[in-house]
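Chemist: Handing you this structure, nothing more for now.
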Amino acid sequence: MGENNSLIQRLEKAIVNVADFPKEGIQFKDITPVFLDPQLYRDVIKALADFSRGKVDAVCGIESRGYLFGIAVAMELNVPFILIRKQGKLPPPFVSEKYELEYGFAEIEMRQGQLQKGQRVLIHDDLLATGGTTQAAAKLVESQGAQVAQFSFLIALEFLQGQKRLEQFGAPIYNILNYQ
């Protein structure tokens with residue numbers, strides 16, 4: 001437990017809050033300083049991987065900041081990494097899932113056939129906010145016959161209640177930092 005508290009304190013110190021970015025009223029969590037400290041980055045990867053060790057067969061990362069940790073977690077677990085991208089970025093064949101944003105809709109895609117039926121999948125992103133993108137990613141995983149086994153995030157903004165959108169998948173949710 002002490003080791004995890006130390007990691008939390010080190011992350012809290014590294015992450016920079018940027019007011020009114022990308023628009024007024026948003027407190028952006030800048031994770032880029034984590035990459036300036038190789039030991040901190042390694043410790044984050046270890047914590048994320050330890051949550052999933054022996055419990056997943058693949059990691060899906062959500063574009064783009066989900067790749068920054070997701071690929072390293074997949075390597076640590078020695079499992080495949082599958083990209084989930086914004087619409088129009090992947091060559092066919094792909095599957096897509098449309099989801100609602102605050103003002104309008106967006107769509108994400110993954111290559112068809114990269115997940116196998118029955119595979120246990122970790123869906124990773126850097127931050128859980130409202131959960132809409134992650135929910136759409138989970139639907140993509142299920143559309144391929146795979147099982148959403150876990151979700152992981154560096155940060156969860158609990159006040160936005162994104163966890164509630166993910167409850168329908170019955171998968172554990174892990175995040176290192178919580179902001180109330």
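No value in this document is a laboratory result; all are computed from the given coordinates. Values in this document were obtained by computation on a predicted structure and should not be read as measured data. Note: ideal-geometry Cβ built from the backbone for every residue, glycine included; neighbour counts use all protein chains shown.
Chemist: Would you kindly calculate the translational diffusion coefficient of the range 1-121, applying Stokes-Einstein with the Kirkwood radius from alpha carbon pairs, for 4 °C and a viscosity of 1.567 mPa s, and quote it in µm² s⁻¹ without decimals?
Modeler: Here the translational diffusion coefficient equals 78 µm²/s.
Chemist: Could you sort out which of 13/46; 86/117; 117/164 sit more than 21 Å apart by Cα distance in this structure?
Modeler: 86/117; 117/164
Chemist: Grab the other residues whose beta carbon is less than 11 angstrom from that of residue 179, score K and R as +1, D and E as -1, and report the net.
Modeler: My count for the surroundings of residue 179 gives -1.
Chemist: Related question: Tell me, 35, 51, 153 in order of fewest to most beta-carbon neighbours within 10 Å?
Modeler: Ordered by Cβ neighbours within 10 Å, fewest first: 35, 51, 153.
Chemist: Among the GluC sites (Glu not before Pro) within the range 62-129, which fall in a DSSP loop and have no more than 14 other Cβ atoms within 10 Å of their own Cβ?
Modeler: 102
Chemist: Let me ask something additional. Where Rh is the Kirkwood radius over the Cα pairs of the range 55-179, the temperature 37 °C and the viscosity 0.692 mPa s, what D in µm²/s does Stokes-Einstein return?
Modeler: For the chosen part, D equals 231 µm²/s.
Chemist: Can you tell me which of 84, 71, 26 moves the most in a GNM of the chain? Springs connect C-alpha atoms under 10 Å apart.
Modeler: In this elastic network of the chain, the residue with the biggest mean-square fluctuation among 84, 71, 26 is 26.
Chemist: Run the numbers on the chain and let me know its relative contact order in percent, using alpha-carbon pairs under 8 Å that are six or more apart.
Modeler: It rounds to 17 percent for the chain.
Chemist: Let me ask you something else. Among 118, 104, 54, which one shows the biggest mean-square fluctuation in a GNM of the chain, springs joining Cα atoms closer than 10 Å?
Modeler: 104
Chemist: List the trypsin sites (Lys or Arg not before Pro) within the range 74-124 that DSSP assigns to loop and that have no more than 10 neighbouring Cβ atoms inside 10 Å.
Modeler: 117
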